[in-house]
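A.B. asks: Below is a structure I'd like to ask you about.
The values are calculated or read from the model by the stated rules, or taken from the named source; none is laboratory data. The shown structure was predicted, so the numbers you read here are calculated from the model rather than taken from an experiment. Note that each Cβ is placed from the backbone with ideal geometry, even for glycine, and that neighbours are counted across all protein chains shown. Each accessible area value is taken on the protein alone, full model and side chains, heavy atoms only, with ligands, DNA and RNA left out. Shrake-Rupley method; radii C 1.70, N 1.55, O 1.52, S 1.80 Å.
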Amino acid sequence: MKYSKLCEVYKKLSSTTKRLEKIEILCSFFNELEEKNIEIIYLLKGSFLPDYDQRDLGISEQILIKALSKAFSLEPQKIVKKFKEKGDLGDVGEYFIKEKKQNSLFSNDLTTEKIFENFKKMLSFEGKGSIDKKILSLSELLLLAKEEEIKYLIRTVLSNLRIGLSVQTILEAFSKYFFNGENKDLIEEKYNLSNDLAEIFLSSKKGIRELEKINIKPGIPINVMLAIKVSSIKEGFEYCGRPAAFEEKYDGFRMLINKKQNGEIFLFTRKLENVTNQFPDIVKVVKKNVKAESFILDSEVVGFDHKKQKYLPFEAISQRIKRKYEIKEMTEDLPVEINIFDCLYINGESLIKKSFVERRRVLEKIIKEEKNKIRLAIQIITEDEKEAEEFFKKSLEKGNEGVMIKNINVEYKQGRRVGYMCKFKSESNELDLVIVKAEYGEGKRSGFLTSFTLACRQDDEFLEVGKVSSGLKEKEEGLSYEKITDLLKPLIIKEKGKEVELKPRIVVSVSYQNIQESPSYSSGLALRFPRIISLRPDRSVYDIASLDDIKRELKLFKNK
Ligand code: AMP
């Protein structure tokens, strides 16, 4: 397909904020999609792979500037200057194409096939010289692109398409296109299982029976069940019914442990990232202690210091998630314990629709516990508030964050906070938020980003809730200004004076003292005295607090 055709669709989609209009635009575009070009559907989301595949091209703004410079034989400084002026590299590309009009008149058309060909090549380049090869492949695409095409191409490469289109809207458009607006829930449920828009599209095209057949497969990451926060045990019972299961809430990170029929083990974070290579210790323990041919287990991985015989806070082990080298040393310095709390698939059979008690029974049969390496989450089932309260206190005494409260009679509901699972923590004011802006510091902090604007989520929008500069350290240890600056710099979209606007990617856990209404921020709310507690590389922007979550917190403060 000509890329220009897709760019027309991008343009139409960004020209309206109305969901129904977007759905109409998508439906007429779906006529163009066939099995052989179905990958194009990923481009709608500004990606080129299904969601379950979290690899990216590894192209930063800096590399893109080099590719632009190569394609248009321009001095990089000239491009940087325009970037500072326009604040968006997509617009910069468009500007230079207009300037060099005569070239593009004679070039071939850019096609989606060519884009996929080069993107896949770029993914395969590794090691020495890979950046140069990527620049070459990219500049080839840039040269083929015409005016508007280059803007969207650049934004896709930088994973920042910004056409105001969510997966939710695409799924709704499937429902309209294939089923006259019916089967929305089924489509969403199946999407949560497959994380692949192309698979959902093609199955829906064949009819509802094919769509119904989609199921979880070990080796492919799936969206996990999310918890609602409750402010009392009683409220937990209200959501989960009586009796309910109470489990210790461990302070680590979520991991889905998969074993395929052929014995291969895969480990995924809740962000769907494949972290198998980073945790060979977990692979080993799972191979030894989980007795089943194939499975998908849901678990919380916690740091455990064998020498001091104590659990480590999340910040300590979070560095293992992104670590690409010295893995062996890491496994020795920062060993982990796996706390398994659910089983979604066993020996070729999905357990998603089974009740929690049944799923737990399976776990009890297949896990051989080993001290401080692998165990089942500690659990009681009770209908008694006092007993639950006692369990909660004991859990805190052991250093856990609180308890999880679970409905024992229901299926595993993915991706949503439906109240089948609740979290009850000791009184802590903590939220996961995303950094959307930052400011450079002064004096000895100049060159570092030192103040950060935080945002919550409301549907597809990010709304600001405050600024934070404390919680970080000047030095190397902990989360330093240097480290966070390194993480944020490649995400800069716009620069103005000292302030930079960022792609919303970096999720942080933030503590605060209070919340108040405030006209200064786009959410209408402001956190008082926020502090960054830790980076959450295991969480995506879909996991952060929503505006409704924060409004609920505000209400709780007001009622105190
Ligand atoms: P929060 O991180 O505050 O949203 O709390 C929910 C998270 O607690 C889950 O996503 C898990 O990562 C974690 N967790 C810890 N222990 C458990 C448990 N026993 N059952 C379920 N989730 C748990």
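A.B. asks: Using 7 Å Cα-to-Cβ label points, what is the E397/K206 separation (nm, one decimal)?
C.D. replies: 5.7 nm
A.B. asks: So, in nm, how far is label M1 from label F125 when the simple model puts each one 7 Å beyond its Cα toward the Cβ?
C.D. replies: 2.7 nm
A.B. asks: Mind checking the angle between helix 385-397 and the chain's longest principal axis? C-alpha axes, 0 to 90 degrees, to the nearest 10.
C.D. replies: 70 degrees
A.B. asks: Using a Förster radius of 30 Å, what is the FRET efficiency between K489 and D91 based on their Cβ-Cβ separation? Nearest 0.05, please.
C.D. replies: 0.90
A.B. asks: Now for a different question. Report the paramagnetic label zone for E383: residues of the stretch 211-252 whose backbone N is under 19 Å from a point 7 Å from Cα along the Cα-to-Cβ axis.
C.D. replies: From the stretch 211-252, the list is 233-247.
A.B. asks: Would you calculate, for the chain, the mean residue ellipticity at 222 nm contributed by helices, counting each DSSP H stretch of 4 or more residues as -39,500 (n - 2.57) and dividing by all residues, to the nearest 500?
C.D. replies: -12000 deg cm²/dmol
A.B. asks: Per residue, how large is the accessible surface of the stretch 454-560? Use a 1.4 angstrom probe and give square angstrom.
C.D. replies: For the stretch 454-560, the per-residue accessible area is 52 Å².
A.B. asks: What does DSSP give for the chain in terms of the percent of beta bridges that are antiparallel, rounded to the nearest 5?
C.D. replies: Here the antiparallel bridges make up roughly 90 percent for the chain.
A.B. asks: Tell me, what ³J(HN,Hα) does each residue in the stretch 142-156 have, in order and in whole Hz, if you take phi through Karplus 6.51 cos²θ - 1.76 cosθ + 1.60 with θ = phi - 60° and put x for Gly and Pro?
C.D. replies: Result, rounded to whole Hz: 4, 5, 7, 6, 9, 2, 6, 4, 5, 4, 6, 4, 4, 5, 5.
A.B. asks: Relative to the longest principal Cα axis of the chain, at what angle does helix 356-366 sit, 0 to 90 degrees, rounded to 10?
C.D. replies: Helix 356-366 and the main axis of the chain meet at about 80 degrees.
A.B. asks: Quick check: the angle from helix 547-559's long axis to the longest principal axis of the chain, C-alpha only, nearest 10 degrees?
C.D. replies: The answer is roughly 40 degrees.
A.B. asks: Note down the relative contact order for the stretch 430-559 as a percent, whole number, built from C-alpha pairs under 8 angstrom at least six residues apart.
C.D. replies: Across the stretch 430-559, relative contact order equals 29 percent.
A.B. asks: Compute the separation of the alpha-carbon centres of the stretch 32-80 and the stretch 410-455 and state it in Å as a whole number.
C.D. replies: 28 Å
A.B. asks: So how far, in whole Å, is the C-alpha centre of the stretch 493-545 from the one of the stretch 144-170?
C.D. replies: 25 Å
A.B. asks: Keeping the other protein chains in place, figure out the carbon and sulfur percent of the accessible area of the chain, with a 1.4 Å probe.
C.D. replies: On the way: 12560 of 26370 Å².
About 48 percent, which is the carbon plus sulfur part of the accessible surface.
A.B. asks: Name the aspartates and glutamates eligible as straight-distance cross-link partners of K84: C-alpha to C-alpha under 17 Å, and not fewer than 8 places from it in the same chain.
C.D. replies: E61, E75, E94, E439, E495, E499, E501
A.B. asks: OK, next. Which residues' amide hydrogens lie under 5 Å from the amide hydrogen of S294, considering only partners 5 or more residues apart or on another chain, with H built in the peptide plane?
C.D. replies: Amide H to amide H, under 5 Å and 5 or more residues apart or across chains, S294 pairs with N347, G348.
A.B. asks: Here is a follow-up. Give me the percent relative contact order of the stretch 234-425, please, defined on Cα pairs under 8 angstrom at least 6 residues apart. Kindly include the intermediate steps, with their values, before the conclusion.
C.D. replies: On the way: 376 pairs, mean separation 60.2, N = 192.
Computed value for the stretch 234-425: 31 percent relative contact order.
A.B. asks: Let me know the shape class of the stretch 234-425, please: from the alpha-carbon gyration tensor, a ≥ b ≥ c as square roots of the eigenvalues, rounded when a/c is under 1.5, otherwise prolate if a/b is greater than b/c, or oblate.
C.D. replies: oblate
A.B. asks: Greater than 24 Å separation of Cα atoms is the criterion. Which listed pairs, K70/K121; K260/K308; K287/K365; K217/K284, meet it?
C.D. replies: Values: K70/K121 18 Å; K260/K308 36 Å; K287/K365 15 Å; K217/K284 21 Å.
Checking Cα-Cα distances, K260/K308 exceed 24 Å.
A.B. asks: Determine the alpha carbon to alpha carbon distance for each of K11/K86; K353/K394; K120/K184 and list only those over 26 Å.
C.D. replies: Violating the 26 Å limit, Cα to Cα: K353/K394; K120/K184.
A.B. asks: On to the next question. Taking H placed 1.01 Å from N in the peptide plane, check which residues at least 5 places from K437 or on another chain put their amide H under 5 Å from its amide H.
C.D. replies: Distant-sequence amide H within range of K437: T453, L502.
A.B. asks: Along the charge dipole of the chain, which of S470, Y420, I367 sits closest to the positive end, that is, farthest toward it, with unit charges on the beta carbon of Lys, Arg, Asp and Glu (+1, +1, -1, -1)?
C.D. replies: Ranked along the dipole, the leading option is S470.
A.B. asks: Distance in nm between label sites at S546 and Q77, each 7 Å beyond Cα in the beta-carbon direction?
C.D. replies: 5.1 nm
A.B. asks: Here's something else I'd like to know. Excluding same-chain residues fewer than 8 positions from K206, which aspartates and glutamates have a Cα within less than 19 Å of its Cα?
C.D. replies: Qualifying aspartates and glutamates at Cα under 19 Å: E32, E34, E35, E39, E172, E182, D185, E188, E189, D196.
A.B. asks: Moving on to the next point. Run the dipole for the stretch 430-559 about the Cα centre, Lys and Arg Cβ at +1, Asp and Glu Cβ at -1, nothing else charged, and hand back the magnitude in debye, nearest 20.
C.D. replies: In total the dipole reaches around 280 debye.
A.B. asks: Still on this structure, please answer the following. What's the Cα-based Rg to Rh of the chain, Rh via Kirkwood?
C.D. replies: Working: Rg = 24.5 Å, Rh = 25.4 Å.
Rounded to two decimals, Rg/Rh equals 0.96.
A.B. asks: On to the next question. So what are the stretch 411-490's ellipsoid semi-axes, whole angstrom, largest first, if each one is the square root of 5 times an eigenvalue of the alpha-carbon gyration tensor?
C.D. replies: Result for the stretch 411-490: semi-axes of 32, 16, 12 Å.
A.B. asks: For the chain, what is the charge dipole size about the Cα centre, in debye to the nearest 20, if Lys and Arg each add +1 at the Cβ and Asp and Glu each add -1 at the Cβ?
C.D. replies: Details: 102 positive and 91 negative charges, 137 e Å.
The dipole of the chain has a size of about 660 debye.
A.B. asks: Which residue, chosen from I25, L57, G90, occupies the Cα position most advanced towards the positive end of the dipole of the stretch 24-100, where the dipole is computed from +1 (Lys, Arg) and -1 (Asp, Glu) charges on Cβ about the Cα centre?
C.D. replies: Among I25, L57, G90, the one farthest towards the positive end of the dipole of the stretch 24-100 is G90.
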